[in-house]
Amino acid sequence: MQCTGPESAAHVTRRQFLNRFGMGLGGVALASLMNPVPSLRAATLDRGVLGAPQFAPRAKRVIYLFMAGGPSQLETFDYKPLLNKLNGEDLPASVRMGQRLTGMSGNQAVLPLAGSIFKFAQHGQSGAWVSELLPHTAKMVDDMCIVRSLYTEAINHDPAITFLQTGSQISGRPSIGAWVHYGLGSDNENLPAFVVLITKGKGGQPLYSRLWGSGWLPSRYQGVQFRAGKEPVLYLNNPDGISMASRRRMLDALHDLHQENADRMGEAEVDAKIAQYEMAYKMQSSVPDATDLSDESERTFAAYGEDARKPGTFAANCLLARRLAERGVKFIQLYHQGWDQHGGLPAGISTQCKETDQPCAALLNDLKQRGLLDDTLVIWGGEFGRTNYSQGKLTATDYGRDHHPRCFSMWMAGGGVKAGTVYGETDEYGYNVVNNGVHVHDFHATLLQLLGVHHEQLTFKHQGRRFRLTDVFGNVVQDILA
């Protein structure tokens with residue numbers, strides 16, 4: 001495994017290096033736990049294949065708030081008064097330009113333009129337009145960069161969300177968090193570098209574990225899902241009658257067996273197993289501490305909203321994300337489902353925004369007050385946008401919107417992003433990007449740039465080809481960097 005350049009005969013894996021000094025991964029981990037000498041602790045910290053960022057990073061960690069289902073940009077951040085003026089009129093052919101539609105609205109006799117029934121206003125010194133559905137987020141616009149010109153090729157949920165999360169519409173590639181962990185390693189010894197939080201009890205488009213998987217990278221780089229309840233990580237606790245000492249002896253014996261197998265069969269996945277067992281051992285004490293919100297103040301709960309007291313809610317997950325960021329988790333992925341409003345959009349999106357607006361704003365404020373926002377990149381967005389016409393019947397109080405890959409909105413904050421800015425522009429109909437388009441690969445290239453990584457140089461050789469998160473193209477969006 002190398003990040004770039006020709007293969008080197010002198011390249012040595014970490015296991016081989018440690019073995020030359022008579023100490024396997026399990027032994028190093030045990031030594032650091034039983035005798036925490038600084039040099040041993042440094043030796044066990046995962047530095048990633050790059051060893052360090054390739055240049056000074058703007059961000060040390062990422063919190064990615066993924067709104068699964070495709071939130072409507074026309075009800076949130078992309079104000080289009082012309083749609084209200086032309087409400088009910090057919091979408092002009094000159095605007096659509098023959099672009100494909102989904103089977104859900106492609107057979108409609110007419111495509112009636114649908115103006116948002118929600119009011120917009122300008123906020124902050126930046127004067128960014130934000131919907132009345134997001135009053136808390138609106139107060140934070142001067143800390144945010146709102147990108148209104150994202151676009152994708154994917155028109156259906158599965159390929160679209162896979163594209164945003166892995167850089168390919170085809171499943172099986174490593175996720176963003178896996179790439180980041182692979183390249184940059186971890187900033188802590190006792191928690192995973194990549195943690196996933198999913199809002200409990202939400203319906204909508206399904207989420208698959210491959211969205212936070214490692215693809216063909218070693219399995220140690222996959223995300224670890226934290227769940228609500230007494231057992232945040234499945235199968236982490238010791239069974240009844242098993243002590244930590246006996247667990248330690250078992251892991252040492254298992255390490256020796258794995259080591260013998262590695263010597264015979266190769267080492268990549270065996271090393272991954274050893275590392276994962278050792279991490280699980282450490283997480284038995286670190287996870288309960290990180291997920292226990294009882295030491296948070298009443299003021300903090302009030303800021304995030306009453307839902308923050310309910311494990312598994314989006315608000316509680318946002319608060320947990322801040323705690324994980326404090327503890328050095330490098331990539332924290334939150335998923336909130338239910339944004340797929342083909343019909344009944346006004347009621348549906350009102351509920352979604354009520355669940356997420358206050359916690360998102362509180363997370364930014366909380367990070368800012370603790371001095372973490374400067375080096376934490378926070379991202380909000382879904383897999384595509386929604387059409388400017390109504391899917392199904394349009395009435396004065398109700399309508400729906402179909403999938404729309406041609407343009408959608410996202411915001412980013414902290415971590416080296418230019419605050420108080422709006423980037424990109426769509427046409428007055430809200431159908432096509434007309435200025436400063438940002439492709440999915442551009443977004444990924446920019447994310448890696450903020451972390452101190454050249455997106456073209458973080459690669460992994462698989463089946464004879466060097467793959468990367470940005471596939472074969474992608475440009476850093478320099479204008480949004482601080």
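Quick notes on this structure:
- In this structure the amide hydrogen of Asp90, modeled in the peptide plane, comes within under 5 Å of the amide hydrogens of Leu113, none closer than 5 places in sequence on its chain.
- Multiplying the residue separation of Val110 and Ile242 by 0.36 nm and removing their Cα-Cα distance gives an extension gain of 40.9 nm.
- For Val147, the residues whose modelled amide H falls within less than 5 Å of its own, excluding neighbours fewer than 5 places apart on the same chain, are Met410, Trp411, Met412, Tyr423.
- What the phi angles of the range 405-414 give under the Karplus curve with 6.51, -1.76 and 1.60, with θ = phi - 60°, is a coupling list of x, 6, 6, 7, 10, 8, 10, 9, 8, x Hz, glycine and proline written as x.
- For His404, residues with placed amide H under 5 Å, excluding near neighbours: Gly385, Arg386, Thr387
- For Glu75, Glu456, Glu153, order by how many other beta-carbon atoms lie within 10 Å, fewest first: Glu153, Glu456, Glu75
- Length added when fully stretched, Gln369-Arg299, from 0.36 nm per residue minus Cα-Cα: 23.9 nm
- Burial order of peptide ranges 375-387, 228-240 (average beta-carbon count within 10 Å, highest first): 375-387, 228-240
- In terms of surrounding Cβ atoms within a 10 Å radius of their Cβ, Asp256, Asp402 rank from fewest to most as Asp256, Asp402.
- Taking 30 Å as the limit for the C-alpha separation, the pairs Lys273/Lys418; Lys202/Lys230; Lys119/Lys393; Lys200/Lys418 exceed it in the case of Lys273/Lys418; Lys200/Lys418.
- Applying 0.36 nm per residue to the separation of Gln125 and Lys354 and subtracting their alpha-carbon distance, the gain on full extension is 80.0 nm.
- Our coupling estimate for the range 375-382, obtained by passing each phi through the Karplus curve with A = 6.51, B = -1.76, C = 1.60 and θ = phi - 60°, is 10, 10, 8, 9, 10, 10, x, x Hz, Gly and Pro reported as x.
- Local electrostatic count, Arg227, Cβ distance below 14 Å [Lys/Arg +1, Asp/Glu -1]: +3
- Here each label is just a point 7 Å from Cα along the line to Cβ, and for Asp263 and Ala52 those points are 3.5 nm apart.
- Kirkwood Rh, angstrom, the chain [1 / mean 1/r, Cα pairs]: 23.6 Å
- FRET efficiency, 1/(1 + (r/R0)^6) with R0 22 Å, evaluated for Glu231 and Glu306 via beta carbons: 0.35
- Three-way shape call for the range 164-233 based on the alpha-carbon gyration tensor, with the a/c threshold at 1.5: oblate
- For a label point 7 Å along the Cα-to-beta-carbon line of Gln276, residues of the range 194-234 with backbone N under 17 Å: 194-196, 209-227, 233-234
- Prolate/oblate/rounded label for the range 50-175 (Cα gyration tensor, a/c 1.5): oblate
Here, each number is a calculation from the coordinates, and none is a lab measurement. This one's a predicted model, so the numbers in the text were calculated from it and none came from an experiment. Glycine also receives a Cβ, built like all others from the backbone with ideal geometry; neighbour counts cover every protein chain displayed.
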